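Beneath this line is the structure, given in structure tokens, with notes to follow.
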Protein chains: 2
Amino acid sequence: MTAGVIEEVVQKAQRAKAAAARLATLSRAEKDRILLAMADAIEDRAGFILEANARDVQQAQNRKLSSAPIDRLMLDEKRITAMAQGLRTVAGLADPVGEVIGGWRLPNGLEITKVRVPLGVIGIIYESRPNVTVDAAGLCLKAGNAVVLRGGSDAINSNTALGHVLTEAGLPEGLPEGAVEIIETIDREAAVQLMRLTDYLDVLIPRGGGALIRRVKEESTVPVIETGEGNCHVYVDASADLAAAEEIVVNAKCQRPGVCNAAETLLVHRDVARQFLPRVGRRLVELGVELRACDRSRQHLEQAKPAVEEDWATEYLGLSLAVKVVDDAAEAIAHINRYGTKHSEAILTEDLANARRFTREVDAAVVYVNASTRFTDGEQFGMGAEIGISNQKLHARGPMGLAELTSYKYVVTGEGHVRA
Amino acid sequence: MTAGVIEEVVQKAQRAKAAAARLATLSRAEKDRILLAMADAIEDRAGFILEANARDVQQAQNRKLSSAPIDRLMLDEKRITAMAQGLRTVAGLADPVGEVIGGWRLPNGLEITKVRVPLGVIGIIYESRPNVTVDAAGLCLKAGNAVVLRGGSDAINSNTALGHVLTEAGLPEGLPEGAVEIIETIDREAAVQLMRLTDYLDVLIPRGGGALIRRVKEESTVPVIETGEGNCHVYVDASADLAAAEEIVVNAKCQRPGVCNAAETLLVHRDVARQFLPRVGRRLVELGVELRACDRSRQHLEQAKPAVEEDWATEYLGLSLAVKVVDDAAEAIAHINRYGTKHSEAILTEDLANARRFTREVDAAVVYVNASTRFTDGEQFGMGAEIGISNQKLHARGPMGLAELTSYKYVVTGEGHVRA
């Protein structure tokens with residue numbers, strides 16, 4: 001690791017830590033004013049941002065990146081407006097900091113209140129979408145946190161330009177210097193260095209593909225919130241309303257197949273396999289879905305390829321679906337708990353006992369009864385915005401909004417109390 | 001690392017993971033029955049436990065350990081009874097699992113409830129007190145978690161015997177096999193192996209000295225909850241009730257100096273230093289406290305040694321106290337935020353503005369106004385029992401009781417809902 005990389009990362013983390021102390025004491029009015037100034041600046045400086053983005057896109061084309069990552073990377077007026085609107089939405093959300101989330105009086109008269117406070121300094125390591133820079137900065141700021149952002153090298157010019165615009169707009173409105181720090185070096189060691197800064201960072205959130213998340217989880221000594229991997233299942237029980245089930249399966253698989261809350265495996269109770277599979281299979285194949293099915297389901301799915309063991313554990317993030325016939329809800333639950341990633345899991349049933357059993361026994365952030373897994377999302381959940389979807393159990397689970405970017409402290413008030 | 005050590009640790013973690021799935025579905029009645037059977041067994045099998053403990057004590061004496069660690073290690077009838085009573089207390093606490101901690105209806109009619117669930121498998125790495133084995137097993141069990149316990153090599157016979165008694169008593173009452181696993185090898189590599197088992201462990205809690213905690217934080221890829229390091233301060237403001245302040249300072253330093261919530265540094269406003277320091281200094285010196293003071297405080301403390309930079313950052317865990325005169329509350333807050341360990345911090349003041357400022361700006365798990373730092377404790381806080389005191393910000397902060405040993409899941413119920 002070169003000295004220059006270490007120095008940049010450490011200095012920026014130190015600045016962020018200094019900023020965090022001041023951010024924690026900003027009022028909601030101050031934070032909202034900064035957010036709105038940032039939103040305006042993104043629109044006002046669109047030319048500057050788009051020019052930087054054009055350089056990233058050009059470099060990506062020179063390196064012969066395929067069209068999907070280039071599309072994710074590219075900004076235009078519409079995406080600029082969307083980023084600015086995102087910041088305005090965050091400004092409109094209630095301030096989580098200072099919320100009293102509990103309180104009681106002890107037998108000795110001591111009064112305890114439990115109050116939300118910022119986490120402190122949040123590190124985010126992410127891949128190529130430049131909008132993450134703006135979304136993450138806005139959410140972290142509203143929750144009173146400083147943020148150190150380490151985006152993908154593909155988007156380095158866009159991210160640096162966005163960071164510059166956000167800070168320049170925020171400073172005159174009271175944004176503490178160091179509140180939004182962008183790691184500008186594209187050296188991979190910068191991310192490794194970030195994972196070791198336990199003296200400055202309170203938490204690290206990786207956003208991106210499974211490989212990135214596993215690497216951060218493996219290497220980071222800073223506490224990590226794992227996000228995003230979703231090998232989600234829909235289980236069609238014997239008692240399911242099959243017409244509704246068909247719509248839900250199609251929605252969970254096809255409405256947006258590239259995201260973590262899309263379904264990857266369909267489990268069907270053996271008693272309804274003959275009735276359900278041919279009709280849902282036809283719909284799915286018409287929509288371009290490739291089916292990978294167990295032997296029992298292939299009897300009802302002439303279009304399907306045989307599934308192999310690996311299919312049960314795969315998050316396709318595309319138009320493929322594994323299909324398996326199970327004997328009962330117990331087998332479905334066991335399958336999900338074995339192969340799932342603790343993200344979003346659905347049972348479609350009219351049977352109350354099976355619904356209760358599924359929601360209690362399936363180990364996942366979100367368990368659905370008679371609804372599509374696609375609802376696992378901060379905006380859908382009414383949080384206003386999200387920084388990601390956690391699939392670990394520590395700290396936050398499922399969609400993470402502003403509250404999930406906070407910690408708490410206990411304030412204890414006495415009148416000369418000493419312990420006996 | 002020898003194959004045998006890896007095998008033992010992995011097998012026990014696998015058994016714990018299998019047990020966790022069953023533990024999550026036990027009712028409160030089932031868990032309490034198991035806890036009460038365990039409590040009775042500890043008393044019934046006192047002879048067996050004391051005999052194993054005597055071997056540990058004998059080995060410690062052979063290795064010429066000093067009296068303090070031998071005292072911590074030693075069990076007697078009274079300590080046996082205390083462990084059993086601890087389990088009965090936990091049985092009397094409400095079940096955190098299944099508690100609905102939130103819920104709302106979305107505009108589209110979807111109903112969301114947020115329900116407490118167990119964390120899963122908790123690893124605990126701890127030092128020599130054998131009572132931790134019983135306390136931790138009881139709390140983890142009540143919160144529906146399996147636990148893998150890795151105690152110190154000094155207490156290996158005691159811990160193994162206790163684990164045996166707990167499991168033997170629990171199994172006939174419905175304790176799943178693997179719910180309480182004791183790592184029996186004394187090889188240090190067993191702890192290292194435990195820190196890498198991200199497939200089986202949901203969280204690792206180190207309990208013990210600073211060196212142990214730093215090592216786990218540095219090496220673990222399993223998420224860690226940092227506990228226990230407490231460099232706590234008492235700040236006596238210009239407006240403090242000095243008679244009450246004297247009692248609080250003496251209590252915070254002397255009532256039990258070897259624990260994490262004891263005070264290590266006294267900060268005194270310059271306007272009351274002349275009046276306050278001589279009298280509190282005399283009391284403290286009479287109680288055997290060694291004072292290490294800054295130049296300004298030494299003018300009022302003839303008994304004090306000069307403090308060096310290192311004193312401000314030291315958790316003495318004994319009868320020493322650093323003393324510093326500060327110009328105002330702002331300097332006190334800055335000193336605490338620089339040298340503190342985010343544990344417990346107190347201001348003694350009659351001034352509302354300073355009290356508000358201190359409680360907002362000091363970054364610690366528990367901030368006190370006019371009370372001793374010694375109250376930071378799960379039992380004192382009314383949690384019934386505690387697994388430790390977290391001084392990190394992620395997941396849980398301050399005393400951790402049963403609720404802090406849980407996660408949550410969202411249960412979402414619809415009637416054929418699909419995402420538009």
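The values are calculated or read from the model by the stated rules, or taken from the named source; none is laboratory data. Just so it is clear, the structure is predicted and the values come from calculations on it, not from any experiment. Methodologically, a virtual Cβ is constructed for each residue, glycine included, from the backbone with ideal geometry; neighbour enumeration extends over all protein chains shown.
Taking the criterion of being outside any helix (DSSP H, G or I) and either surrounded by fewer than 23 Cβ atoms within 10 Å (Cβ to Cβ) or in contact with a Ser or Thr (Cβ under 6 Å, 6 or more places away or on another chain) (or both), the residues of region A:130-147 that qualify are A:P130, A:A143. The selection criterion, being within 22 Å of the chain's Cα centre (by Cα) and not hydrophobic (A, V, I, L, M, F, W, C), does not hold for B:R45.
Take the conditions touching a Phe, Trp or Tyr at 6+ places or on another chain (Cβ under 9 Å), in contact (Cβ under 8 Å) with a residue 60 or more places away in the chain, not assigned by TED's automatic domain parsing to the domain that holds B:V192 and not aliphatic (A, V, I, L, M) and apply them to B:N251. Does it pass? In short, no.
Just one of the listed residues (A:A396, A:A353, A:A322) is more than 26 Å from B:E226 (Cα to Cα) and surrounded by 17 or more Cβ atoms within 10 Å (Cβ to Cβ), and it is A:A322. Scanning region A:94-117 for residues that are within 18 Å of A:A146 (Cα to Cα) and part of a loop (DSSP other than H, G, I, E, B) yields A:D95, A:P96, A:V97, A:G98. Kindly establish whether A:V250 is over 30 Å from B:G414 (Cβ atoms) and of a type in the set (A, V, I, L, M, F, W, C). Here the answer is no, as A:V250 does not meet what is asked. Scanning region A:177-202 for residues that are surrounded by 21 or more Cβ atoms within 10 Å (Cβ to Cβ) and within 14 Å of chain B (Cβ to nearest Cβ), which turns out farthest from B:K393 (Cα to Cα)? Checked region A:177-202; the qualifying residue farthest from B:K393 (Cα to Cα) is A:M195. So which residues in region B:265-289 are closer than 12 Å to B:D237 by Cα and not in a helix (DSSP H, G or I)? Within region B:265-289, B:L266, B:L267, B:V268, B:H269 qualify. For region A:290-307, a residue qualifies if it is touching a strand residue (DSSP E or B) at 6+ places or on another chain (Cβ under 8 Å) and part of a loop (DSSP other than H, G, I, E, B), and the qualifying residues are A:C294, A:L301, A:Q303, A:A304, A:A307.
The test for being basic (K, R), touching a Ser or Thr at 6+ places or on another chain (Cβ under 6 Å) and either in contact (Cβ under 8 Å) with a residue 12 or more places away in the chain or farther than 21 Å from B:L73 by Cα (or both) does not hold for B:R215.
Quick one: in region A:274-319, of everything that is surrounded by fewer than 15 Cβ atoms within 10 Å (Cβ to Cβ) and basic (K, R), which residue is farthest from the chain's Cα centre (by Cα)? Within region A:274-319, the match that is farthest from the chain's Cα centre (by Cα) is A:R274. Number of residues in region B:373-390 that are under 10 Å from the mean Cα position of the chain (by Cα) and of a type in the set (D, E, K, R) equals 2.
Listed by first and then second residue, the pairs with beta-carbon distance under 7 Å, at least 6 apart or on different chains, first residue in region A:108-120 and of a type in the set (S, T, N, Q), second crowded, with 20+ Cβ neighbours inside 10 Å, are A:N108/A:H417; A:T113/A:V411. May I ask you to list the residues in region A:223-267 that are facing chain B (nearest Cβ under 10 Å), among the hydrophobic types (A, V, I, L, M, F, W, C) and closer than 30 Å to B:S220 by Cβ? Result: A:V224, A:I225.
In region A:386-407, the residues that are within 23 Å of B:V121 (Cα to Cα) form Cβ pairs under 8 Å with partners that are assigned to a helix (DSSP H, G or I) and modelled with pLDDT of 95 or more, at six or more places apart or across chains, as follows: A:S390/A:E404; A:H395/A:E404; A:A396/A:E404. Among the residues of region A:207-222, count how many are at the interface with chain B (Cβ under 8 Å from one of its Cβ atoms) and either of a type in the set (K, R) or touching a His at 6+ places or on another chain (Cβ under 8 Å) (or both). Total meeting the criteria: 1. Within region A:356-385, the set of residues being among the small types (G, A, S), within 27 Å of A:Y126 (Cβ to Cβ) and either crowded, with 23+ Cβ neighbours inside 10 Å or more than 8 Å from chain B (Cβ to nearest Cβ) (or both) comprises A:A364, A:A365, A:S372, A:G378, A:G384, A:A385.
Residue by residue, here is whether (1) within 29 Å of A:Y339 (Cβ to Cβ); (2) small (G, A, S); (3) out of contact with any Pro (no Cβ under 6 Å at 6 or more places or on another chain) holds:
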position	(1), (2), (3)
B:L139	no, no, yes
B:N145	yes, no, no
B:V148	yes, no, yes
B:V180	yes, no, yes
B:D187	no, no, yes
B:Q193	yes, no, yes
B:G209	no, yes, yes
B:E219	no, no, yes
